[in-house]
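Where a number appears in this text, it was derived from the coordinates with a stated rule and is not lab data. What you are looking at is a predicted structure, and each value in this text was computed from that prediction instead of being measured. Here Cβ is always computed from backbone atoms with ideal geometry, including for glycine, and neighbour counts include all displayed protein chains.
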Amino acid sequence: MIIASRFNGPPNSGNGGYTAGLVASHVDGGQRGVRVRLHRPPPLDTEMSVRGGEVVKVYAAEDLIAEATADAVDDAVVPGVPYADAVTASPSYPGFVAHLFPTCFACGPLREDGLRLFPGRLPDGRTAAPFVVPADISSVLVWASLDCPGGWAVPLEARPYVLGQMTARVDAVPVPGDECVVMGEMTGEDGRKAYVRSTLFGPTGTVLATARATWLALPSA
């Protein structure tokens, strides 16, 4: 398994959602959902070994990078908004003003070739990001789309966080060119951990994918 440098989150490691989706693709019996835990920053352009079993583990040399197992996702989704409302919210995306990783494949404003997910915050704290589906869409990119809109429901501009664990279920992959909406919502926090949910809606408002995730605050310098 190799994470190409295009799919970075921080400059020198893989985007968390993309990595989780790639690892999840190696799990059998994950139709109801897959839980992926990231142990270390995923290296880019590096051959990693995938060791199967009930728990799939991914290693770079002898370093455990991630592990995954089938795990059902509950049916609770983040309430959606129409695409036009997501477009209206998007200019308030905090990452336009302060972004720790501005070249992130999913939400980096400096990436013309990324997913360009810019989740603005709604008055109730939810985030909403318009998402024009790219030509190379896949279930792995659906995982990537669920990542940052959930993360930005946490005040990332005040304290940097990274994805620690993600459990997602992909019911359907959207069609290239579709105008979709990704919603995010923070559901709680505990010390360095912030808990979020995210949901991808299709053009007609159908739920295409949903996830819950744990984000970890980076230690203070």
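Report ³J(HN,Hα) in whole Hz for each residue of segment 97-102, in order, from the Karplus equation J = 6.51 cos²θ - 1.76 cosθ + 1.60 where θ = phi - 60°; Gly and Pro get x.
Once θ is set to phi - 60°, the couplings for segment 97-102 become 9, 9, 9, 5, 10, x Hz.
Can you give me the long-range amide H partners of Glu189? Hydrogens built in the peptide plane at 1.01 Å from N, cutoff under 5 Å, separation of 5 or more residues or another chain.
Tyr195
Compute the angle between helix 139-151 and the longest alpha-carbon principal axis of the chain, please, reported from 0 to 90 degrees and rounded to the nearest 10.
Approximately 60 degrees, to the nearest 10.
How do Ile65, Ile137 rank when sorted from fewest to most other Cβ atoms within 10 Å of their own Cβ?
Lowest count first: Ile137, Ile65.
So, counting K/R as plus one and D/E as minus one, what does the shell of residues with Cβ under 9 Å around Ala60 add up to?
The answer is -2.
What range in the chain is the longest one free of GluC sites (Glu not before Pro) that are in a loop by DSSP and have at most 10 other Cβ atoms within 10 angstrom?
113-221
What's the percent breakdown of Cα-Cα distances in segment 105-221 across 5 Å bins, shortest bin first?
All Cα pairs considered, the percentages come to 2, 13, 23, 25, 19, 11, 5, 1, 0, 0.
Give me the orientation-averaged projected area of the Cα convex hull of the chain, in nm², one decimal.
If you wrap the Cα atoms of the chain in a convex hull and average its projections, you get 11.4 nm².
Percent of Cα-Cα pairs per 5 Å bin, from 0 to the last occupied bin, for segment 5-70, please list those.
Spelled out bin by bin, segment 5-70 gives 4, 20, 30, 26, 14, 6, 1 percent.
When the helix-only estimate is applied to the chain (DSSP H runs of n ≥ 4, each -39,500 (n - 2.57), divided by the residue count), what is the mean residue ellipticity at 222 nm, nearest 500 deg cm²/dmol?
The helix contribution divided over the chain gives -4000 deg cm²/dmol.
Tell me, what ³J(HN,Hα) does each residue in segment 116-126 have, in order and in whole Hz, if you take phi through Karplus 6.51 cos²θ - 1.76 cosθ + 1.60 with θ = phi - 60° and put x for Gly and Pro?
6, 8, 10, x, x, 8, 8, x, 8, x, 5
What's the exposure ranking of Phe131, Phe118, going from fewest to most Cβ atoms within 10 Å?
Phe131, Phe118
On alpha carbon coordinates alone, what is the Rg over Rh value for segment 36-145, Rh being the Kirkwood radius?
1.03
Short version: ³J(HN,Hα) in whole Hz for each residue of segment 188-204, in order, from phi by Karplus 6.51 cos²θ - 1.76 cosθ + 1.60 (θ = phi - 60°), x for Gly and Pro, what are they?
x, 8, 8, x, 7, 9, 10, 10, 9, 10, 8, 9, 9, 10, x, x, 9
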